[in-house]
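Working notes, beginning with the structure itself.
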Amino acid sequence: MRHVFSRPERFIAGTVGEPGERAFFLQFRSSSRLFSVAVEKAQVQAITARLDVMIAELRKANPLIAIEKLPKDDAPLESPVDAEFQIGAMSLAWDEETSLICIELYELEDDEEESEGEVAELHITIGMAAAFSTRSKAVVSAGRLPCPFCGIPIDPRGHLCPRANGYRR
């Protein structure tokens, strides 16, 4: 099944839960249709990095390209946050004809099922991609602080630094 969202009104990354136990989601809304997919933190970082590269390349190739400035979206995920599926793979492409970025989010495949998984397809403006990237960086960095010695996130219950102790229990 393919879910297509052309120019959604909202496209954000968000979390549910406390730092260290957060679940990440991508959520998009088009009129009354709300769609949420579960995603890993590393996937949010990857899509954000790729969108930043795409935006920079588009600006470099066409300095006159119009990029609308969207208002900052700090609102939480909309309820209910029920994931339609877990993202396995993602693809990003620039559509020259529509001047939109096409993002396809593929369902994580289950080895036991032979049927094709679901796909969410979004067509967003460069401005929406830039706004998504800015928010996603803030969402990802809002987690646990990294240890200044080893870089491993510090757990609120304590942290046994392998670099300070020579080993990790």
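The values are calculated or read from the model by the stated rules, or taken from the named source; none is laboratory data. Quantities reported herein were computed from a predicted structural model and do not represent experimental measurements. No Cβ is skipped: glycine too gets one built from the backbone with ideal geometry, and neighbour counts run over all protein chains shown.
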Kindly indicate whether any position in region 82-101 is modelled with pLDDT under 95 and touching a Cys at 6+ places or on another chain (Cβ under 7 Å).
yes
Which one of the conditions (1) aliphatic (A, V, I, L, M); (2) in contact with a Phe, Trp or Tyr (Cβ under 7 Å, 6 or more places away or on another chain); (3) not in a loop (DSSP other than H, G, I, E, B) does Leu77 fail to meet, given that it meets all the rest?
(3)
Restricting attention to region 54-81, report how many residues are at pLDDT below 90, among the acidic types (Asp, Glu) and loosely packed, with under 12 Cβ neighbours inside 10 Å.
2
Any chance you could count how many residues in region 1-23 are in a strand (DSSP E or B) and either in contact (Cβ under 8 Å) with a residue 60 or more places away in the chain or loosely packed, with under 12 Cβ neighbours inside 10 Å (or both)?
12
One residue is enough: does region 96-112 have a residue meeting the conditions in a helix (DSSP H, G or I) and either under 17 Å from Ser6 (Cα atoms) or without any contact (Cβ under 8 Å) to a residue 40 or more places away in the chain (or both)?
no
Specify the residue that is nearest to the chain's Cα centre (by Cα); the eligible residues are those in region 24-53 that are at pLDDT 95 or above and small (Gly, Ala, Ser).
Ala46
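Residue by residue, here is whether (1) at pLDDT 95 or above; (2) within 27 Å of Arg7 (Cα to Cα); (3) within 15 Å of the chain's Cα centre (by Cα) holds:
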{"residue": "Glu116", "(1), (2), (3)": "no, yes, no"}
{"residue": "Glu121", "(1), (2), (3)": "yes, yes, yes"}
{"residue": "Ile124", "(1), (2), (3)": "yes, yes, yes"}
{"residue": "Val140", "(1), (2), (3)": "no, yes, yes"}
{"residue": "Arg144", "(1), (2), (3)": "no, no, no"}
{"residue": "Phe149", "(1), (2), (3)": "no, no, no"}
{"residue": "Pro153", "(1), (2), (3)": "no, no, no"}
Among the numbered criteria (1) closer than 23 Å to Met54 by Cα; (2) at pLDDT below 90; (3) among the acidic types (Asp, Glu), which one does Glu109 miss?
(1)
Given the residues Ala93, Ala131, which is the only one that is in contact (Cβ under 8 Å) with a residue 60 or more places away in the chain, hydrophobic (A, V, I, L, M, F, W, C) and not in a loop (DSSP other than H, G, I, E, B)?
Ala131
